[in-house]
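Quick notes on the structure that follows.
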Amino acid sequence: MIVKEDFLNKLRQYFNLNLYEVKIWTALLSRGVSTAGELSEISDVPRSRAYDVLESLEKKGFIVMKLGKPINYVAVEPAEVVERAKKLAKNEAEDCVKKLESLKGTELLNELTTLHKTGIEFIEPADLSGAIRGRHNIYMHLDSVLKNAKNSVSLVTTAKGLGRKLEALKPTLESLSKKGVKVRVAAPVTKESAGAVKSLLNFADVRNSGKLDARFCIVDGKELVFMLMNDNDVHQSYDIGVWINTPFFSSALNNMFELAWKDMESGEKALKKL
């Protein structure tokens, strides 16, 4: 059985399976009912691993074991598999959240906090930086940086990026605005970004960045997160961001942003021209 690699990669992404699991699963789907030996042969998965993989798929609800000699395996209807996978993912996420919530106020978290604060005293300023790979991880880190904002947030992004950042960061940005933090967003105001602009105007000062092609965020004039690549040219998995905590460089970039900000058209005016 020949299955395109792109198809297998999509299955791995959506169903959180490893390569052997998707190979065995698709092989069984093509047969309906089969033995471990047959599946090993047509999927090109080593026979020594086939039983472990089948056991894993059975636990996840993708297949059913049919008792007999030899043991056969039956493929579950894909639509039913999707529902089972959704339920499993939801249960696992809820369990994980409960475990993390239970850490609040515990001695373990207090020890971690003490360790972090003590360690910071010995960190060189140049060490307060790092590279983040993957757009999801970039937004996760950006969200954590934003939550510590006290005075201002200046966010510059692309038309495409504006919608993504609104989806990922809206609760945090709204919360900051309610606390009195000045939230400013600069992005191209286009038909593509119009919806995001309208939503942001409820709690942020939004302006049309026009042809300014940049992706960065400055927090309190001292902490900076910026992306190295154009989001039109890079897949989200390979997007790279850089985080630095340095008042000198961040302040310099913030001053340049202030000059550009003064000449930018307001989001309201830009929307009326669409």
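Every number here is computed from the coordinates shown, using simple stated rules; none is lab data. As the structure is a computational prediction, the values presented were derived from the model and not from experiment. FYI the Cβ positions are ideal-geometry reconstructions off the backbone, even for glycines, and counts take in every protein chain you see.
For the chain, what is the percent of antiparallel DSSP beta bridges, rounded to the nearest 5?
Here the share of antiparallel DSSP bridges comes out near 75 percent.
What would the Debye equation give as log₁₀ I(q)/I(0) for region 1-139 at q = 0.13 Å⁻¹, counting only Cα atoms as equal point scatterers?
Reported log10 I(q)/I(0), two decimals: -0.73.
Taking only Cα atoms, what is the 0 to 90° angle, nearest 10, from helix 19-31's long axis to the longest principal axis of the chain?
50 degrees
Under a point-charge model restricted to the Cβ atoms of Lys and Arg (+1) and Asp and Glu (-1), what is the dipole moment magnitude of the chain relative to its Cα centre, in debye to the nearest 20?
Approximately 840 debye in magnitude.
Most exposed first by the Cβ proxy, i.e. fewest other Cβ within 10 Å, how do F226, F62 rank? If you can, show how the numbers build up before the last one.
On the way: F226 18, F62 25.
So the residues, fewest neighbours to most, are F226, F62.
What spacing in nm lies between the two simple spin-label points modelled at L88 and K272, each 7 Å away from Cα in the Cβ direction?
So the label points at L88 and K272 sit 5.6 nm apart.
Tilt of helix 135-146 relative to the longest C-alpha principal axis of the chain, in degrees (0 to 90, nearest 10)?
40 degrees
Simple spin-label model, 7 Å along Cα-to-Cβ: R164 to T114 in nm?
About 4.1 nm separates the two model spin labels.
When the convex hull of the Cα atoms of region 80-236 is projected onto a plane and the area is averaged over all directions, what value comes out in nm²? Walk me through the numbers before you get to the answer.
Details: hull surface 50.3 nm².
Its Cα hull, projected and averaged over all orientations, spans 12.6 nm².
Size of the dipole of region 125-272 about the Cα centre, Lys and Arg at +1 and Asp and Glu at -1 on the beta carbon, nothing else charged, in debye to 20?
So the magnitude is around 420 debye.
Put +1 on the Cβ of each Lys and Arg and -1 on the Cβ of each Asp and Glu in the chain; which of C217, G180, S154 then has its Cα farthest toward the positive end of the dipole?
G180
Run the numbers on region 125-272 and let me know its relative contact order in percent, using alpha-carbon pairs under 8 Å that are six or more apart. Mind dumping the intermediate values first?
Values: 256 pairs, mean separation 46.0, N = 148.
It comes to 31 percent, rounded to a whole number.
Order these by the 10 Å Cβ neighbour count, fewest first: M264, M229.
Listed from fewest to most nearby Cβ atoms, that is M229, M264.
How would you rank L155, L103, L88, going from fewest to most other Cβ atoms within 10 Å of each one's own Cβ?
Result, fewest neighbours first: L103, L88, L155.
Taking the Cα atoms of region 5-76, what is the range of coordinates along each of the three principal axes, in descending order and whole Å?
35, 22, 20
Expressed as a whole number of Å, what is the distance separating the alpha-carbon centroids of region 179-197 and region 59-122?
Using only Cα atoms, the two centres lie 36 Å from each other.
Hey, what number do you get for the chain at 222 nm if only DSSP H runs of n ≥ 4 count, each worth -39500 (n - 2.57), divided across all residues, to the nearest 500?
Calculated at 222 nm, the ellipticity per residue is -16500 deg cm²/dmol.
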